[in-house]
1. Please specify each residue of the stretch 150-166 satisfying the condition of being surrounded by fewer than 20 Cβ atoms within 10 Å (Cβ to Cβ) and within 16 Å of the ligand (Cβ to nearest atom).
2. Given the structure, is residue 173 touching a strand residue (DSSP E or B) at 6+ places or on another chain (Cβ under 8 Å) and buried (at least 24 other Cβ atoms within 10 Å of the Cβ)?
3. Pick from the stretch 40-57 the residues that are crowded, with 23+ Cβ neighbours inside 10 Å and assigned to a loop (DSSP other than H, G, I, E, B): which of them is farthest from the ligand (Cβ to nearest atom)?
4. Starting from residues that are surrounded by 13 or more Cβ atoms within 10 Å (Cβ to Cβ) and either over 26 Å from residue 246 (Cα atoms) or free of Cβ contacts under 8 Å to residues at least 60 places away in the same chain (or both), keep the ones in the stretch 1-16 and report whichever is nearest to the chain's Cα centre (by Cα).
5. In the stretch 217-233, what residues are on the phi < 0 side of the Ramachandran plot, more than 19 Å from the chain's Cα centre (by Cα) and free of Cβ contacts under 8 Å to residues at least 60 places away in the same chain?
6. Of all residues in the stretch 114-137, how many are more than 6 Å from the ligand (Cβ to nearest atom) and either at pLDDT below 95 or within 18 Å of residue 44 (Cβ to Cβ) (or both)?
7. Can you tell me which residues in the stretch 66-95 are away from the ligand (no atom under 16 Å from the Cβ) and either at pLDDT below 95 or surrounded by 21 or more Cβ atoms within 10 Å (Cβ to Cβ) (or both)?
8. Return the total of residues in the stretch 150-188 being under 29 Å from residue 218 (Cβ atoms), in contact with a helix residue (DSSP H, G or I) (Cβ under 8 Å, 6 or more places away or on another chain), assigned to a helix (DSSP H, G or I) and without any contact (Cβ under 8 Å) to a residue 24 or more places away in the chain.
Ligand code: ZZB
C-alpha cells in the first residue's frame, strides 16, 4: 500500500503534552504529526487531525531540528525506507498517549484553515495501519464526516471545544452521483448514525473512493477543473517537492482491518 505521509506541524501543544514532553526536545525543534493518506488531492479540505486516544505515539528524531510523531510500528517501517538518516534506526526521544494530544494546534499543509486545526480523538483509528495519525477530510471521507459530527454533538463527553469539530468543511471535489459533498451525501444515503456503524462506513468508503477517483473534478487548488485521476499525482508531487510530505509504503500483509 503506497501512502503519502503528510507532515502536520505542531504549532502549540496542549498543557498535558507540554508537561509530558518537558526537557525531551531541543529548543526550536519542529515536531510533525505524520498522517498516512491515500487521497493527497483532498488535503485542501483538512479540518482536524485524528489520533486514537488510547494509542501510544513516539516522537522520532529525523534530524537536529525535525521530529516525526507516529506509532513505533510506522517509525520502524520508515527506517527501512530512507526516511531516517541511518537504515534500520529510528531514535525515539519521547512517547505520548493520544489522549494527551487532543487539543494540540497543528498546521495541516494545503488546508484552507491556514491558522491551524486541532488534534481530535477518533476511537476507530487503527494502531496497526498507516502511522496511527489520520488527517480528517469530512467533505470526502465518510468516516471523518461521521466522526466530526459525533464530536460536535458530544463535545463535552469527549472533553473538547465544540468549535474545534465545527470548522468549515469546504467543497473540494465534484462528482456526478454525489454532488460536492460526497461524504455527507453517502452518510445520509446509507443512514449512518455513528462512527461505529462500521459496515455501512466501509461501504460508503468504497463508493466514495470509486466515484471520487474515476468521476471527480477538482473544485479548488492549483488543479481546479482537472479530473481527480489527473490531479492526484500532481498534488502529491507538489507536496513532496515542497517538503510537506513524503512517500510511505506499508509492507504487504501488515495491513489489518477494522474488527468492530
Ligand atoms: C485523508 C482522506 C481523505 C482519506 C478522503 C480517505 C478519504 P484504507 O482505504 O482502508 O486503506 N486512515 C489512515 N490510517 C488509518 C488508521 N490507522 N486508522 C483508520 N483510518 C486510517 O484507508 C486509507 C484511509 O484511511 C486514509 O486516507 C486515511 O484517510 C484513513 F477523502 O486520508 B484518508 C473515501 C475515503 N476518502
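1. Result: 150, single match.
2. yes
3. 47
4. It comes out as 14.
5. 217, 219, 222, 224, 226, 227, 229, 230
6. Number of matching residues: 6.
7. Passing the criteria: 67, 90.
8. 1
The values are calculated or read from the model by the stated rules, or taken from the named source; none is laboratory data. Just so it is clear, the model here is predicted, and its values are computed rather than measured. For neighbour counting, all protein chains shown are included, and Cβ atoms are generated from backbone atoms with ideal geometry for every residue, glycine included.
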